[in-house]
Each structure stands twice: as structure tokens, then as C-alpha cells.
1. Among the numbered conditions (1) buried (at least 19 other Cβ atoms within 10 Å of the Cβ); (2) more than 22 Å from the chain's Cα centre (by Cα); (3) over 25 Å from B:Ala283 (Cβ atoms), tell me where A:Gln371 comes up short.
2. Take the residues in segment A:333-366 that are surrounded by fewer than 16 Cβ atoms within 10 Å (Cβ to Cβ) and among the hydroxyl-bearing types (Ser, Thr, Tyr); name whichever of them is farthest from the other protein chains (Cβ to nearest Cβ).
3. Consider only pairs whose beta carbons are under 8 Å apart and that are at least six residues apart or on different chains; among these, list those whose first residue lies in segment A:265-287 and is under 16 Å from A:Ser329 (Cβ atoms) and whose second residue is of a type in the set (A, V, I, L, M) and not in a helix (DSSP H, G or I).
4. Quick one: which residue in A:Leu232, A:Leu236, A:Leu256, A:Leu215 is out of contact with any strand residue (DSSP E or B) (no Cβ under 9 Å at 6 or more places or on another chain) and among the hydrophobic types (A, V, I, L, M, F, W, C)?
5. For segment B:183-275, which fully contained helices (runs of 4 or more DSSP H) count at least 3 residues that are surrounded by fewer than 23 Cβ atoms within 10 Å (Cβ to Cβ) and either over 18 Å from the mean Cα position of the chain (by Cα) or of a type in the set (Gly, Ala, Ser) (or both)?
6. Inside segment B:169-197, can you point out the residues that are in contact (Cβ under 8 Å) with a residue 24 or more places away in the chain, more than 21 Å from B:Thr157 (Cβ to Cβ) and within 7 Å of chain A (Cβ to nearest Cβ)?
7. When both residues are 6+ apart or on different chains and their Cβ atoms are under 6 Å apart, which pairs have a first residue that lies in segment A:7-27 and is at pLDDT 95 or above, and a second that is outside any helix (DSSP H, G or I)?
8. Any residue at all in segment A:95-106 that's farther than 11 Å from A:Ala122 by Cβ, in contact with a strand residue (DSSP E or B) (Cβ under 7 Å, 6 or more places away or on another chain) and surrounded by fewer than 20 Cβ atoms within 10 Å (Cβ to Cβ)?
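The values are calculated or read from the model by the stated rules, or taken from the named source; none is laboratory data. Note that the coordinates shown come from a computational prediction; the quantities given were computed from them, not determined experimentally. For neighbour counting, all protein chains shown are included, and Cβ atoms are generated from backbone atoms with ideal geometry for every residue, glycine included.
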Amino acid sequence: MRLTDDPAVEEFRAEFSAYLDANLPSEAEALPRPKSSADIPEWARRWQRTLFEAGWLLPANPPEYGGRNASLQQQFAHLEELSRRRIYHSFNPQGLGIIAASLLSFGTAEQKRRWAVPILRAEITAALGMSEPGAGSDLAGLRTRAVLSEAGDHFVVNGQKVWTSGAHDADVLLTFVRTDPDAPKHQGISVLLIPTDTEGVVRRPFGSIAAEDDLDFNEVFFTDVVVPRENLVGPLHEGWKVANGSLGHERTMLWLSYAERLEDLLGDAPSEEEWYATLMMDVQALKLLGYRQLAGQRPDVEVSMLKLLGSEAVQNASLHALEEQGLESLVHPASTAPYNHMNNENFSASWFERYVRTFAGTIAGGTSEIQRNIVAERILGLPR
Amino acid sequence: MEFEFDKDQLMFQQLVRRTVAKIQALPEDKLWATYLELGWLEAPPIELAIVLEELGYAADPTPFLATATWFTPLAGRLPRSSGTGVCDGTGRFVLDADRADEVAILTKDGVVVVDGADFAAERVSIFDPTLHVAHVARPDLVAGIPDLALMGLAVSTVGSCRRILDLVVTHVKQRVQFGKPVGSFQAVKHKAADMYVAIERAKALAYFAALTLAEEDPRGHRASVMAKAAAGECQRLVFQHGLQLFGAMGFTWENELQVHLKRAKAGDLLLGTASVHRRALLA
């Protein structure tokens, strides 16, 4: 164990910090605001592309994927710098953190070129089609059906997804489909990239608990949608492996975002009550445990613990902040943090909205109950 | 930064685990002699934390914790043999105060070290059968708890909690009701998972404290306070769920669970509960 970073990390941090000072878009430029998690305004697309080209988007990646082969410690310094300045990493977070990441792990060279790079460069945006009306926590029970044509050159997709964040604004959906209905449910799943302008794809956004016009969730209907075989990600019928990879990326993205939310809460809800000290400990513990995880020193399954710990810590602290503000928490719309044009307004909304949005953390990406099952079964070895 | 043990530390941890498992049935004086022989009292903070976690796991009956983390930082040296320290300003419930060879006392005139043989301390009977505490009556005591003492109690409490969880996991895998191991029920799994998360959280903060103390980092004091508060929060949940999940069997004297539950609870109450240290963090 050691505390100090090597000098190369501090140099890296200083370089990135200077880069941000010199290049960050101005507030005037950033007036158009994103409307969903797959809607990136033009200025933010330019910014993400600039970061990509400078190797500052995902510094651990090689240069062709928006990075500079940075070390883990440098990667962490990068995230800390963004978080400290409350800069949202991408206005299409699932595109960057899950879909592009999954394509870089499982995609062909052509898929990386055609889909991953444009997502990273914010030329297109992406959404994740996993949950269905009958397949939420029981994701492997998904029923959206894809049939491979006799010639083997395309699939025909029929079925429905739901909770597909940003689908109505996305260019492409990473869609989990059943290709072999006779196989046990974890086998027989495949993954397809489905462009949203394909005939037969219908997207219907619906409001969230936060507001009727907060349109991020979608129902997505597929009726005889033709998808070329080259859009198959990973081997046929082996989508569950991709799903686990994607869910792993998702949980990593999520715990990192909870670390940011916890930092926000430290700044936005200063309190002399004891819960605030618990919040300080949660921030510190999540970072310590998460760093170890990112360093690859822990089994992948422990990311479930990070997701659970982080999402519940954010929820608890937000509830305390809400209660401490009392009736003022009900005012809506309201702002509970200084406006920051580089951030997502959801994170500075009224205390009630901030609290209620924390349930996305304890429900999406595998509910807290599912994470507890995973910890109990796969870490503690309790019987299924 | 590097928050995982390096190779040498991992090897040391393995060695400590094996040693503690092998000798834990020995009488107290033999245990003590072994610890001295192995040089564990001289271990630097991270290695000391590794030892203390395992001794917590084993509910060690010797004055090791008090000697290494109460006496030594107060006196600024190792004792002749065993030692303890009076540092919370009250002199009440001082670990091993009536049996240590030397006692370091924090008074308004600074630290005074006295010989245990000439020192009056009155042992107090407490719930925990393995923990030795006594009251010290002196009018000139002041408070000044060493960071090492907070870290030491924290990591030792984490060890007790780990032991409780291990016992519980073994129990719920074996205990069959309704034709299934009770550990297959979600109500049981979810409590066990929460115990695990609480332990990992407290452990991470305890070792972070040890790391800051090892490197004499300015964050050392706050990190130690956090570690003690987190260990206290951890035992609160682990005690509650641990005893509940063990069912009636955990409610008996014969079951070893009781020893570790009491250790964990005492670990929170000694030198200030989680609540006391949360408030210290806010001050």
C-alpha cells in the first residue's frame, strides 16, 4: 500500500487541468441544453470530439479510441478533475460508458470503426435495449425475438423493449434479443446493433416521476425489423456474455457516477448533523474500494458491492438533505447548486427531485435486491 | 496511490492468519510469548493493522492491542513486556490497566509512565468474558487519544465482524428448514450481503487510516477518526443481523458467536462510539 502518486500522475493532472482551463466551452456557447440522455447539443458534440481528438476523452484508451494509454492512476486523476469541476463526462453517458465500451470489448474491427468511434466522437448517440415489460430483474427472460434469415445474411426482429433511456434521440440501439428460443434462457441470447431509423422501429418516450415532460424513458417496438448480420455483436447465441460485460461496464459507470453525486452532496448539503459525517465516510470508502476495483485487483463481481454501496449512500444522504431543508424541498423547479453549464441540471434540481432520482440508482442497472443476491451468492457462496 | 496490499504484505497476512489459527488455543501467557517472539509489537502501522485484524478475528485475550496501540504511542517506546495507556481523560474502562507491566498515563503535565506493580487499578466485571478492563482513579487525567489507538480498535473490531459473518455464513448454509438451507432465502441473503458491504467499507477505511499513519500523512488524524466511526457503524449492523440470522443457537452461551458479538460491541464503546466520532468529524 502507498499513498503517494508518482510524479507522472501529478504532471498528467496539471496538463489536463490546464487543457480544461484553455478549452472549456463558454457558458454562452452552452445555452442549448440536452433533453435526454441521448440528446447531445451541437456545442457538446464539438466538445466531446475535441476531447476525443486530444486523447482526453477516455485517457486509458489508445489514441484511436480517444485516449493516450494512460495508467490507472492517471485515469483516476482525470475522473477526479472532471468531478471536482462538475463537468459531465458525456451527455450520452450510456453511449460512452456502456455501448462503446461493450463494442470495444466484444465488437469486430468494423463495428468499432463504424459504431464505437462515432459514439465516442459524439457524431452519433446510442441507447441500451435490455429491459422488457416481462424482463427486468429477470433479464435473461427477455423475449424480443430475432430470426436469422435462411440465407444467413440478416435477422428479422420482433418484440418490445422498455425503460430504454434516450432511445427517441438515439441513432442506434444495442439490443439484446432471443435468437434460440429452445435453448435454456441464458443461452440463445444475441446482441444486435439496430439503427433507430430502420423500418419497423417505433419509439415512444414517456415522462418520469420527476416531470411529465422529463422524457428519457422509452418503449421501443420492433415489427419485422431487418438487421444485417454484420450488426451482430459477439458470437450468435452468446449474448449473455456480452450482457454480463455490458452490465459490468454499466455498474462501473454507475458507481463512478455515485462517487460524483456523493461529492456533490458534500458540497451542496453541508450539515452539522451526524448523517453528514456518514456521508464523508461513504465518499471515502467508495473511492477506496472503487480504486481497488478499477485497478483490477478484485474479482469483477465486487462491482455489485460498489453499485449497492454507492447508490444507497446517495439515496440516504439525499433523503437527509431533503429532510433538513424541510418544506423548501417541495419547491419545483428549484436549484440546489450553483448553475454549471458543463453539468447535467438533474444533479442540481430541487431536493425532492434529487432524492427521487436516486431511485434510478437503486433500481436501474440491477436493483439493490439483485445486487444483494449477487453479493450473497457469488461472494459469500450462499445457495441459490 | 495503491490501496491493495503489496506482495510482502499479502505474504505477511497469510503468515499471521496461519499462525493465529494454529496457536489460538494456547494459554494466554504462551500466546503473549509467541507474539513477542514474532516481533509483532514492533510492526509498522499497516503490518500492525494486519495483525490486529486477525487478533480481533480470534478474540485475542492478551494485552496486545493495548500494548501496541495504547501504551506505545503514548510512551513513545515499547514497554518492557505488556503495557497500556490511559488517554481518554476519564480513566474508566481502561484495557488491561490492572495487569499490564507498565502504564502510560496522559496527565495535564504530560505523559507519565508508571510500573504496573505500583499502580492501583480496579478491574471491572463486564459482559465480555475475554476482555480485561479496569478503572484508574487519578485527578490529573486529560484526554488525548492517539490516532494509532483509534485505528487499532477499528481494525480489531473489523476482525470481530468478519468472524461473526463467517460464523453466520457457515450456519445458514448448514441449517435446513422447509427442506432447504436457510441461506437460500432472500431475507437471509440480503442481511448477509449488508453485513459484507458494511465490513468492506469499514475495512477499507481502517486500512486507509493505517496507511496514512504509516506515511505520517496529515490526513492521519481524520482518517483514524473515520475508521473508528465506520467500525462502530459496521458492528452495529453486523451484531444486529448476525445474532438474528443465527436464530436461537446464537443466543446460547456454548455458541462461540457470543464472544465475537461482545468483542465487536466493546470495540465500538471503547474510546468513543461511532456517534462520538461522527460528531468529531463535524467539529
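1. Unmet for A:Gln371, out of (1) buried (at least 19 other Cβ atoms within 10 Å of the Cβ); (2) more than 22 Å from the chain's Cα centre (by Cα); (3) over 25 Å from B:Ala283 (Cβ atoms): (2).
2. Out of the qualifying residues, it is A:Tyr339.
3. The qualifying pairs are A:Asp268/A:Ala337.
4. Step by step, each of A:Leu232, A:Leu236, A:Leu256, A:Leu215 is checked, and only A:Leu256 is out of contact with any strand residue (DSSP E or B) (no Cβ under 9 Å at 6 or more places or on another chain) and among the hydrophobic types (A, V, I, L, M, F, W, C).
5. Filter on segment B:183-275 gives B:186-214, B:220-246.
6. B:Val172
7. Filtered contacts from segment A:7-27: A:Glu27/A:His341.
8. yes
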